[in-house]
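Undergrad: Quick one: the structure is below, questions incoming.
No value in this document is a laboratory result; all are computed from the given coordinates. Since we're looking at a predicted model, the values are computed, not measured. We place every Cβ from the backbone using ideal geometry, glycine too, and count neighbours over all the protein chains shown.
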Amino acid sequence: MGHSALIVWGGWDGHEPKAVAEIIAESLRGKGFDVELSDTLDSFLDADKLKSLDLIVPVWTMGKITGEQVNGVAAAVRGGVGMAGCHGGMCDSFREATEWHFITGGQWVSHPGNSGVTYTVQITDMGHFVTQGTNDFSVTSEQYYLHTDPANKVLATTRFPSPGADGPHVGNGPVDMPVVWTKVYGEGRVFYTSLGHNAATVSEPDPLRLLTRGLLWAARAESLA
């Protein structure tokens with residue numbers, strides 16, 4: 001039996017949610033997944049359907065979600081459905097929905113320097129399925145400053161502050177900020193990468209490799225790699 005995924009996209013257009021969702025869908029279909037794309041959060045209301053999936057992928061920045069919609073996702077992931085995503089599409093989705101933050105493991109709070117920061121991503125766990133085949137690399141994009149769950153299993157980090165990206169954080173000294181992590185929520189596997197500001201960034205080889213392997217890991221589909 002094949003693997004199934006639901007990608008739900010929308011929210012702030014600046015993150016190019018439709019284009020990013022289509023890149024993710026193409027990547028998953030290339031691994032043999034049956035993929036459905038939806039542009040409504042009401043997709044999270046069909047509890048039975050959600051529980052039948054292998055993977056839920058949110059691509060929705062700065063939106064509003066109802067308690068019932070959040071509960072649908074939470075119940076599915078608690079029951080063993082994987083959840084995976086990137087950038088603001090998963091960890092700046094619903095700022096007032098604390099249960100969403102509990103599921104995802106983090107929430108965006110700032111990106112000093114905005115989208116023009118060139119920074120290094122350090123792979124901190126080379127042995128994990130997600131990071132296999134990826135070495136340290138640089139990217140020019142938004143460098144996400146996040147509030148994160150201390151229970152996350154961090155696989156890659158980036159160093160703050162970055163040269164030329166000043167802000168009120170600078171006086172706190174160097175800090176290694178999580179970029180890629182995994183965790184569990186109930187029986188479900190959760191994966192996140194802060195890389196992926198837009199379609200161009202998502203499509204770069206290193207970010208796309210990490211995202212694709214994270215999607216597979218969350219869906220318990222490592223054998224398809």
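Undergrad: May I ask for the net charge around TRP181, where only other residues with Cβ less than 11 Å from the Cβ of TRP181 are counted and Lys, Arg are +1 while Asp, Glu are -1?
TA: Here the count lands on 0.
Undergrad: Given a cut-off of under 8 Å on Cα pairs at least six residues apart, what relative contact order in percent is computed for the chain?
TA: 22
Undergrad: In nm, to one decimal, how far is the modelled label at ASP46 from the one at ALA200, with both set 7 Å along Cα→Cβ?
TA: 3.6
Undergrad: Only Lys, Arg, Asp and Glu count, each charged at its Cβ (+1, +1, -1, -1), so figure out the dipole size of the chain about its Cα centre, rounded to 20 debye.
TA: The calculated dipole for the chain is roughly 440 debye.
Undergrad: Among [x] 17.2; [y] 17.7; [z] 18.4, which one is Kirkwood radius over Cα pairs in Å computed from these coordinates?
TA: Among [x] 17.2; [y] 17.7; [z] 18.4, the one derived from this structure is [x].
Undergrad: Give me the net charge of VAL121's neighbourhood, meaning all other residues with Cβ under 14 Å from the Cβ of VAL121; Lys, Arg count +1, Asp, Glu -1.
TA: Summing Lys/Arg as +1 and Asp/Glu as -1 gives -4.
Undergrad: In what sequence do LYS31, LYS64 fall when counting other Cβ within 10 Å, fewest first?
TA: Fewest-to-most ranking of LYS31, LYS64: LYS64, LYS31.
Undergrad: Would you calculate a helix-derived [θ] at 222 nm for the chain, using -39,500 (n - 2.57) for each DSSP H run of n ≥ 4 and dividing by the full residue count, to the nearest 500?
TA: Estimated from H runs of four or more residues: -7500 deg cm²/dmol.
Undergrad: Can I ask one more? Run the quick spin-label model on GLU36 and LYS18: label points 7 Å from Cα toward the beta carbon, then report their separation in nm to one decimal.
TA: With each label point 7 Å from Cα toward Cβ, the separation is 2.1 nm.
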